[in-house]
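Presented below is the structure to which this report refers.
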């Protein structure tokens, strides 16, 4: 009987370990084509991965390339470092890329504090301070772009310039957030199974979603934050962005003192996944200034 019990326990642990293994090839949310065999698993690459303690959470980041530092910040909830793979592939040729996995995503811990943009800006600041004494260029998409806004406003000496993609003025109540495991898995179960396998605190995923819903539903981002940004900002968007409608992006652009605007025609929220060449061509002059 003892042998049978020990076998069952060993089998259970082996099954759990098998479930926790992530595929060698990462995918991004709603990916339509298979990931190439040679693709670097950005966000789960032991050769480039590091951690830093930021407040109440360990934040995971990866380093690539050499040169002036560029911080890359992915989107929120359905976002991952891997979705930024085309940016990292391109930037690491001439820059040092600091690809940060924000708290509650991938291999970064959730912590216990409200995952506010102020908190995430402090997380990013902790990573920057651990990597370089220089100021950095920040490239953020969606949630990462909002984090970039707050980072530039709160830590102006750390941000040389900012590229913000898909992030407009945020008026409380303009969207209702009621995210749930069922809803997210219904959209892309393979992606979220992969993400949960990466998470150090996957058992808190449902609790995390409730916290995010409460925060996003109470949030306003406008002139107080945006007008405080002193560094140059390139505000980019897809013309058909459904998450940050064009009108809100233009309003944000007008509130930021030293800003430029780039609109990619006929493109949705994840504009760089649909038309990366247009995005890269549009941002390159700003990046080189």
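No value in this document is a laboratory result; all are computed from the given coordinates. Please read all numbers here as calculations on a predicted model, not as lab measurements. Heads up, the Cβs are rebuilt from the backbone with ideal geometry, glycines too, and the neighbour counts pull from every protein chain shown.
Tilt of helix 205-217 relative to the longest C-alpha principal axis of the chain, in degrees (0 to 90, nearest 10)? The helix 205-217 is inclined about 20 degrees to the chain.
From least to most packed, judged by other beta carbons within 10 angstrom and beginning with the fewest, 283, 187 follow the order 187, 283. Taking every alpha-carbon pair under 8 Å whose residues sit at least 6 apart, segment 23-140 reaches a relative contact order of 29 percent. Mean residue ellipticity at 222 nm, helices only, the chain: -12000 deg cm²/dmol; runs of at least 4 DSSP H residues each add -39,500 (n - 2.57), and the sum is divided by the number of residues.
7 Å from Cα along Cα→Cβ at both residue 134 and residue 206: what's the point-to-point distance in nm? Result for the modelled spin labels: 4.7 nm. Fewest-first ordering of 231, 108 by other beta carbons within 10 Å of each residue's beta carbon gives 231, 108. Each of 284, 261, 273 was scored by other Cβ atoms within 10 Å of its Cβ. Arranged with the fewest first, they read 284, 261, 273.
Sort out for me the Cα centre separation of segment 39-77 from segment 88-163, rounded to whole Å. That distance is 9 Å. Principal-axis analysis of the Cα atoms of the chain puts helix 246-255 at an angle of about 60° to the longest axis. Measuring nothing but how far apart in sequence close Cα pairs (under 8 Å, 6+ apart) lie, relative to its length, segment 43-288 scores a relative contact order of 17 percent.
Mean separation of Cα pairs under 8 Å and 6 or more residues apart, divided by the residue count, gives segment 68-210 a relative contact order of 25 percent. Axis of helix 181-198 versus longest Cα principal axis of the chain: the two differ by about 70°, to the nearest ten degrees. Residues considered: 167, 99, 202. Largest GNM mean-square fluctuation over the chain, using C-alpha springs under 10 Å, is found at 202. Label reach from residue 179 (point 7 Å along Cα→C-beta): in segment 22-54, amide nitrogens under 14 Å belong to 29-30. Counting only Cα atoms, the size of segment 158-289 along its three principal axes is 44, 34, 31 Å, in decreasing order. Please list, in order, the residues from segment 192-218 whose amide nitrogen is less than 18 Å from a point placed 7 Å along the Cα→Cβ vector of residue 31. Zone members listed by number: 192-199. Under 10 Å, Cα contacts only: if you run a Gaussian network model on the chain, which one of 104, 65, 43 comes out with the highest mean-square fluctuation? For the chain, modelled as a Gaussian network with Cα springs under 10 Å, the answer is 65. Between residue 113 and residue 50, the distance separating the two model label sites (each 7 Å from Cα on the Cα→Cβ line) works out to 2.1 nm. Only bridges whose two residues both fall in segment 43-288 count here: according to DSSP, what percent of them are antiparallel, nearest 5? Looking only at bridges with both residues in segment 43-288, the antiparallel portion is about 30 percent.
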